[in-house]
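Trainee: Have a look at this one.
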Amino acid sequence: MTNDFEKVFDTAAEPQDYTGEDGLLYCGSCRTPKEAYFPADKAALFGRDRHPAECDCQRAKRLEREAAEQRRKHLDTVEDLKRRGFTDSKMREWTFANDNGKCPQMGMAHSYVERWEQMKEGNHGLLLWGKVGTGKSYFAGCIANALMEQEIPVRMTNFALILNDLAASFEGRNEYIDRLCRYPLLIIDDFGMERGTEYGLEQVYNVIDSRYRSGKPLIVTTNHTPDMLENPQDTAHARIYDRLIEMCSPVCFTAKNFRKEAAKAKLDRLKELLK
Ligand SMILES: [Zn+2]
């Protein structure tokens, strides 16, 4: 026991270390002390006058180790959030860094992330609408990736998957919907209810309404126009759309169809090759 206690106070000396003018052990590399004196009252308590201390190079090494550990922990957290947050691993590629700069609305995605605290505070959702292939999902994916990289949980999914999950849910539908509503940001991609069954519409309403009551923001991408949402075909659709319009501000995507453009570029390359 005494030996263990002694060890705590023993300072490991390297061959190049030396004793300074104050009688303390000094590091031979950085020439700062590896020991410190106890205050006089404590010295009597411990039966000795000094205890080990970090010299400058030991401190620098420790800080470096701690920073590396911090970075590793951060990367692990982000990895875990993305694994849980995305339904498809290709969504991980939808980042500001990978953006081709062709989507004129992208500045708004940057602002949404930069002002996330205000977006959350004011429960500001977005309804990203426009034709297929105009970059709506990419826009939403950029927000999701950027927030998750700040360790903010985001869930990006769609109603086809939600309805599947609800049908196969062992934990109970309410628990599943509660879990969706716990995410600070929920993104529902590719919203479109034209072929909805009565059961499906009921579940969609449950999810949208629960999210509404959670007071947390929702981002939806859809090929519907706000005009279509404001003039629903029946009351089942009407109550879903009413909630959506209340929660989400419309953003119109008018850009050229990127997928068509990419396909045309590919065709042009092929024509060139076949000349
Ligand atoms: Zn040192």
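Trainee: Restricting attention to the stretch 31-79, report how many residues are part of a loop (DSSP other than H, G, I, E, B) and not basic (Lys, Arg).
Mentor: 8
Trainee: Further question: For the stretch 156-181, what are the residues that are under 27 Å from Phe139 (Cβ atoms) and either basic (Lys, Arg) or not assigned by TED's automatic domain parsing to the domain that holds Ile219 (or both)?
Mentor: The answer is Arg179, and nothing else.
Trainee: Right, next: Give the stretch 25-48 a look and list any residue that's within 13 Å of the ligand (Cβ to nearest atom) and touching a residue at least 24 places away in the same chain (Cβ under 8 Å), or say none.
Mentor: Tyr26, Cys27, Ser29, Cys30, Thr32, Lys34, Glu35
Trainee: Only one residue in Lys73, Lys120 is away from the ligand (no atom under 16 Å from the Cβ), loosely packed, with under 13 Cβ neighbours inside 10 Å and basic (Lys, Arg), so which one is that?
Mentor: Lys73
Trainee: Oh, and also: Within the stretch 131-185, can you find the residues that are acidic (Asp, Glu) and closer than 26 Å to Gln70 by Cβ?
Mentor: Result: Glu149, Glu151.
Trainee: Which residues, counting only those in the stretch 50-70, are more than 13 Å from the ligand (Cβ to nearest atom) and surrounded by 15 or more Cβ atoms within 10 Å (Cβ to Cβ)?
Mentor: Arg50, His51
Trainee: Are there any pairs with C-beta distances below 7 angstrom linking a residue in the stretch 170-193 that is hydroxyl-bearing (Ser, Thr, Tyr) to a residue that is surrounded by 13 or more Cβ atoms within 10 Å (Cβ to Cβ), with the two at least 6 apart or on different chains, and if so which?
Mentor: What qualifies is Tyr176/Asp165; Tyr176/Leu166; Tyr176/Ser169; Tyr183/Pro153; Tyr183/Val154; Tyr183/Arg155.
For (1) of a type outside the set (Val, Ile, Thr); (2) in the same structural domain as Gly141 (by TED's automatic domain parsing); (3) touching a residue at least 24 places away in the same chain (Cβ under 8 Å), each residue gets a yes or a no:
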{"position": "Pro52", "(1), (2), (3)": "yes, no, yes"}
{"position": "Cys57", "(1), (2), (3)": "yes, no, yes"}
{"position": "Arg71", "(1), (2), (3)": "yes, no, no"}
{"position": "Asp76", "(1), (2), (3)": "yes, no, no"}
{"position": "Asp80", "(1), (2), (3)": "yes, no, no"}
{"position": "Asp99", "(1), (2), (3)": "yes, yes, yes"}
{"position": "Lys102", "(1), (2), (3)": "yes, yes, yes"}
{"position": "Gln105", "(1), (2), (3)": "yes, yes, yes"}
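Trainee: I would also like to ask the following. Using the structure shown, decide if Arg243 is assigned by TED's automatic domain parsing to the domain that holds Arg182, in contact with a helix residue (DSSP H, G or I) (Cβ under 9 Å, 6 or more places away or on another chain) and exposed (fewer than 15 other Cβ atoms within 10 Å of the Cβ).
Mentor: no
Trainee: A follow-up question, please. Inside the stretch 135-169, can you point out the residues that are surrounded by 18 or more Cβ atoms within 10 Å (Cβ to Cβ) and of a type in the set (Ser, Thr, Tyr)?
Mentor: Those that are surrounded by 18 or more Cβ atoms within 10 Å (Cβ to Cβ) and of a type in the set (Ser, Thr, Tyr): Ser137, Tyr138, Thr157.
The values are calculated or read from the model by the stated rules, or taken from the named source; none is laboratory data. Note that the coordinates shown come from a computational prediction; the quantities given were computed from them, not determined experimentally. Glycine gets a Cβ as well: all are built from the backbone with ideal geometry, and neighbour counts include every protein chain shown.
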